Amino acid sequence: KSLQFDGTIWDLNLHPGGRWLGVGRSNAISIIDMENLKENVFFRQNGDVKTIDFDDSGAYMAIGTTKGYVSIWTVMGSQTLAGPKHNSEVIDLEFSPDSKWLVSVGADSTARTVLTIYGGQKYSITHGDWVEDVTFGPDSSWFVTVSDDNTVRVIDTATGQERLRMAHANFVQKVRVSGNGQWIATTG
């Protein structure tokens with residue numbers, strides 16, 4: 001079956017249980033029921049939905065827009081919390097493995113953190129250029145950002161303090177961490 005949407009589809013993310021598919025698109029989010037492939041929930045957003053992420057427990061979905069808005073939705077519930085506000089487009093966001101934290105990164109050269117249950121912003125980390133990607137270590141105590149300022153930064157989740165910095169010769173685009181936390185792979 002094919003599903004048709006108006007405008008651009010920017011991101012897709014499958015709920016951990018496999019029942020729901022989140023579709024981030026022009027000014028909206030659709031939640032598709034994978035059992036019958038029908039749109040179950042539809043939300044209008046302030047700006048195109050550039051990135052979405054479900055937490056590992058499946059309780060939350062994070063939303064980042066081209067206008068810098070981040071929100072956290074209680075999946076299939078009525079609660080939505082405002083997250084940090086970026087000054088430009090949100091490029092990526094990710095929940096910690098324990099679902100307690102959300103980090104969003106963007107074209108405003110920042111990484112912004114939020115405690116999932118409270119919303120708002122806990123702290124912000126400024127980079128020298130766009131922050132392109134973020135991922136957590138396996139125990140949620142640290143995360144890694146990569147930026148067009150040629151840096152890879154390992155950040156302590158609780159404090160926002162930088163633990164380690166590495167450099168590329170040019171922009172850094174993607175980062176992944178091994179399941180045991182021993183390896184960080186980056187591309188640039």
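The values are calculated or read from the model by the stated rules, or taken from the named source; none is laboratory data. Just so we're clear, the structure is a prediction, and the values are computed from it rather than from any experiment. Using ideal geometry, Cβ is built from the backbone for each residue, glycine included, and neighbour counts are taken over all protein chains shown. All accessible areas refer to the heavy atoms of the entire protein, side chains included, with ligands and DNA or RNA removed. Shrake-Rupley method; radii C 1.70, N 1.55, O 1.52, S 1.80 Å.
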Calculated Rg and Dmax of segment 1-99 using C-alpha coordinates, Å: 12.6, 39
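How much length is gained on full extension from Met34 to Ser140, taking 0.36 nm per residue of separation minus their Cα-Cα distance? Spell out each step's value before the answer.
Values: separation 106, 0.36 × 106 = 38.16 nm, distance 2.96 nm.
The Met34-Ser140 span can extend by a further 35.2 nm.
Using a cut-off of 10 Å between beta-carbons, work out the net charge of the residues near Pro16 (Lys and Arg +1, Asp and Glu -1, Pro16 not included). If you can, show how the numbers build up before the last one.
Values: positive: Arg19; negative: Asp55, Asp56.
In short, -1.
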List the residues whose amide H sits under 5 Å from the amide H of Lys174, counting only those 5 or more places along or on another chain, with H placed 1.01 Å from N in the peptide plane. Thr187
Using a/c under 1.5 as the rounded threshold, could you call segment 142-188 rounded, prolate or oblate? The axes a ≥ b ≥ c are square roots of the C-alpha gyration tensor eigenvalues, and prolate needs a/b larger than b/c, oblate otherwise. oblate
Kirkwood Rh and Cα-based Rg: tell me the resulting Rg over Rh for segment 48-188, rounded to two decimals. 0.94
Just to confirm, what accessible area per residue do you get for the chain at 1.4 Å probe, in whole Å²? 47 Å²
Taking placed amide H atoms and a strict 5 Å upper bound, the residues 5 or more places from Trp10 or on another chain that come that close are Gly24, Arg25, Ser26
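Say R0 is 41 Å: what FRET efficiency, to the nearest 0.05, do Ala169 and Asn46 get from their beta-carbon distance? Kindly include the intermediate steps, with their values, before the conclusion.
Working: r = 37 Å, r/R0 = 0.91.
Once rounded, the FRET efficiency stands at 0.65.
Can you list which of the GluC sites (Glu not before Pro) found in segment 25-131 are DSSP loop residues with at most 11 other C-beta atoms within 10 Å?
Values: sites: Glu35, Glu39, Glu89, Glu94; in loops: Glu35, Glu89.
Those that pass, being in a loop and sparsely packed, are Glu35.
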Residue by residue through segment 157-172, the couplings from Karplus 6.51 cos²θ - 1.76 cosθ + 1.60 with θ = phi - 60°, in Hz, x for Gly and Pro, are 4, 5, 10, x, 7, 6, 8, 7, 10, 10, 10, 10, 7, 8, 3, 10
For segment 114-131, 3J(HN,Hα) per residue [Karplus equation, 6.51 cos²θ - 1.76 cosθ + 1.60, θ = phi - 60°, Hz, x = Gly/Pro]: 8, 7, 3, 6, 9, x, x, 9, 7, 7, 10, 10, 8, 10, x, 6, 3, 9
Given H placed 1.01 Å from N in the peptide plane, which residues other than close sequence neighbours of Met76 have an amide H under 5 Å from its amide H? none
Charge sum, other residues only, whose C-beta stays under 14 Å from Leu164's C-beta, Lys/Arg counted +1 and Asp/Glu -1: +1
